[in-house]
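Where a number appears in this text, it was derived from the coordinates with a stated rule and is not lab data. In this text, all values refer to a predicted model and were calculated from it rather than measured experimentally. Backbone-built Cβ (ideal geometry, glycine too); neighbour counts: all protein chains shown.
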Amino acid sequence: MNSSFQTEIIRSRRKTFSVQIKGNRLLVKVPLGAGDREIADFLKKHERWIVTHLEKAQASQQKAAEAGLLSMEEIRALADQALQVIPERVRYYAPLMGVTYGRITIRNQRSRWGSCTSKGNLNFNCLLMLCPPEVVDSVVVHELAHRLEMNHSDRFYAQVLRVFPEYPKWDRWLKENGPVLMQRMTG
């Protein structure tokens, strides 16, 4: 496996093994009683997945490095642009979905594109302004759907697709391209 990635073993009261990639770290979560041999067997069994996703993460890091970090000035400009664009898109989609909403906040985050609180307040990442407009709409509709379903159930996605049938295409775009954008965030 790639040596530029650190492997971190996290033991907890969990019952299952899991592996995830965070930045340049491979996080392996294991039950408290798991032995080194069990962990090695788990990693060997999932080696193909790990190598594939480490390569994707490395490519993403390379693209982000080539594009460069965003300056604070650029982030502020994206936030200002988002304050103009996103509330307009929320106002457009909320009636189509049959929902109300509270406050809209624009944030500069490294891990989330949007969120919806139980009170109906909506938060959006300013980096959405670096995405195609359809991606912005997909995130807006996704967060508004949480006003109907505060989960990611089949009923939730039925609400999303009812209003935005191309959601899977643009969600896939964000999953493929979003990590590069997130890595450009300063701070």
| note | If one compares the long axis through the Cα atoms of helix 72-97 with the longest principal axis of the Cα atoms of the chain, the angle in degrees, nearest 10, works out at 70 degrees
| field | On Cα atoms only, tilt of 36-45 relative to the major axis of the chain in degrees | value | 60 degrees
| Using the per-residue mean of other Cβ atoms lying within 10 Å as a proxy for protection, in what order, highest first, do the peptides 171-181, 43-53 fall? | 171-181, 43-53
| query | How long is the gain from A77 to D36 if the chain were fully straight, where each residue apart is worth 0.36 nm and the alpha carbon distance is subtracted? | reply | 9.8 nm
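With runs of 4+ DSSP H residues as the only contributors, calculate the mean residue ellipticity of the chain at 222 nm using -39,500 (n - 2.57) per run, divided by the residue total and rounded to the nearest 500. Intermediate values should be presented prior to the final figure.
Details: 6 runs with 97 residues, N = 187.
The helix-only estimate for the chain comes to -17000 deg cm²/dmol at 222 nm.
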| Scattering profile of the chain at q = 0.13 Å⁻¹ [log10 I(q)/I(0), Debye over alpha-carbon scatterers] | -0.82
| task | Could you work out how far apart the two model spin labels at E66 and T52 are, taking each label as a point 7 Å from the Cα in the direction of the beta carbon, and quote it in nm? | result | 2.3 nm
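With a Förster radius of 41 Å, plug the Cβ-Cβ distance of R162 and K29 into 1/(1 + (r/R0)^6) and report the FRET value to the nearest 0.05. If you can, show how the numbers build up before the last one.
Numbers: r = 36 Å, r/R0 = 0.88.
Here the calculated transfer efficiency is 0.70.
Applying 1/(1 + (r/R0)^6) with R0 = 45 Å to the Cβ-Cβ distance of E8 and K119, what FRET efficiency is obtained, to the nearest 0.05?
With R0 = 45 Å, the Cβ-Cβ based efficiency is 0.80.
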| request: State the Cα centre-to-centre distance between segment 32-47 and segment 107-143 in whole Å. | output: 37 Å
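By how many nm would the segment from K22 to L96 lengthen if fully extended, with 0.36 nm per residue of separation less the alpha-carbon distance?
Working: separation 74, 0.36 × 74 = 26.64 nm, distance 3.66 nm.
Taking K22 through L96 to full extension adds about 23.0 nm, to one decimal.
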| message | Using 0.36 nm times the number of residues separating R155 and R110, minus their current alpha carbon distance, what extension gain do you get? | response | 13.4 nm
| Between 0 and 90°, nearest 10: helix 47-67 axis offset from the chain longest Cα axis | 50 degrees
